[in-house]
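The values are calculated or read from the model by the stated rules, or taken from the named source; none is laboratory data. Quantities reported herein were computed from a predicted structural model and do not represent experimental measurements. Glycine gets a Cβ as well: all are built from the backbone with ideal geometry, and neighbour counts include every protein chain shown. Heads up: the accessible areas ignore ligands, DNA and RNA and are worked out on the full protein's heavy atoms, side chains in. Shrake-Rupley method; radii C 1.70, N 1.55, O 1.52, S 1.80 Å.
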Amino acid sequence: MNTEAKHEALQGSINGKLTFPEVVGILVKAGVESYFADLVRGTETFYLGGGDTHVETMALPSMGVSEDFSHSGIVGAIRAAQADQIRYPEFLKRATAAGIVAYWAFLTGKKVIYFGRKGDFHVEEFPRPTS
């Protein structure tokens, strides 16, 4: 298992150097089907096609998670990231302020599910290419 690619993608995100599409490209090339980011524990678990997993620790600043889920808050953070107006560090601040405790990115399924503290969730499909 190539753990270096997973580490590179995570660190590039946390340092605000990589966009989400760049991270997806690195991870797909490394055989990652999905990954689960636990924002409370500060871990990211990568799931590969053959059933292997790899866990990385996310070096995150201490962030409290709002008790209340804000659908408009998480959608606003997603849209700003998609427009490259913000990068991952700011996205995390906005996501936790919107009550997001974790998210699961399904790279092969092309969607991300964001989870709130009380079972609320938001499903975001990857943007479709414009033609």
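Overview of results
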| read-out | value |
| --- | --- |
| Residues with amide H under 5 Å from that of Leu18, placed H, sequence gap 5 or more | Ser13 |
| Gain in span if fully extended, Met63 to Thr43, counting 0.36 nm per residue against the direct Cα distance | 5.8 nm |
| Note, ³J(HN,Hα) from phi for the range 15-29, Karplus 6.51, -1.76, 1.60, rounded to Hz, x at Gly and Pro | 7, x, 8, 10, 7, 4, x, 5, 4, 4, x, 4, 5, 4, 4 |
| Protein-only accessible surface order, largest first, of Arg117, Arg87, Arg128 at 1.4 Å | Arg128, Arg117, Arg87 |
| Largest-first ordering by accessible area, 1.4 Å probe, given options Lys93, Lys6, Lys29, Lys17 | Lys29, Lys17, Lys93, Lys6 |
| Listed residues Phe20, Phe69 arranged by accessible area, highest first, probe 1.4 Å | Phe20, Phe69 |
| Label point 7 Å beyond Cα of Gln82 along Cβ direction - residues of the range 111-131 with amide nitrogen under 20 Å | 111-116, 121-131 |
| 0 to 90° range, to nearest 10: angle between helix 88-97 axis and the chain longest Cα axis | 40 |
| Amide H contacts under 5 Å for Ala102, placed H, 5+ residues apart | Leu39, Phe115 |
| Equivalent-ellipsoid semi-axes of the chain, from the Cα gyration tensor, Å, largest first | 22, 17, 15 |
| Total charge dipole magnitude, the chain, about the Cα centre, Cβ charges on Lys, Arg, Asp, Glu only, Debye to nearest 20 | 240 |
| In Hz, Karplus ³J(HN,Hα) per residue of the range 48-56 (6.51, -1.76, 1.60; θ = phi - 60°; x = Gly, Pro) | 9, x, x, x, 6, 10, 8, 10, 10 |
| Distant-in-sequence amide H partners of Met58 (H built 1.01 Å from N, under 5 Å) | Thr43, Glu44 |
| Simple label model, 7 Å out from Cα along Cβ direction - Lys118 to Asp52, nm | 4.2 |
| Lys93 versus Arg128: modelled label distance in nm, points set 7 Å from Cα along the beta carbon direction | 3.4 |
| Which listed pairs, of Lys17/Lys110; Lys17/Lys93; Lys6/Lys29, have C-alpha distances above 19 Å, in listed order | Lys17/Lys110 |
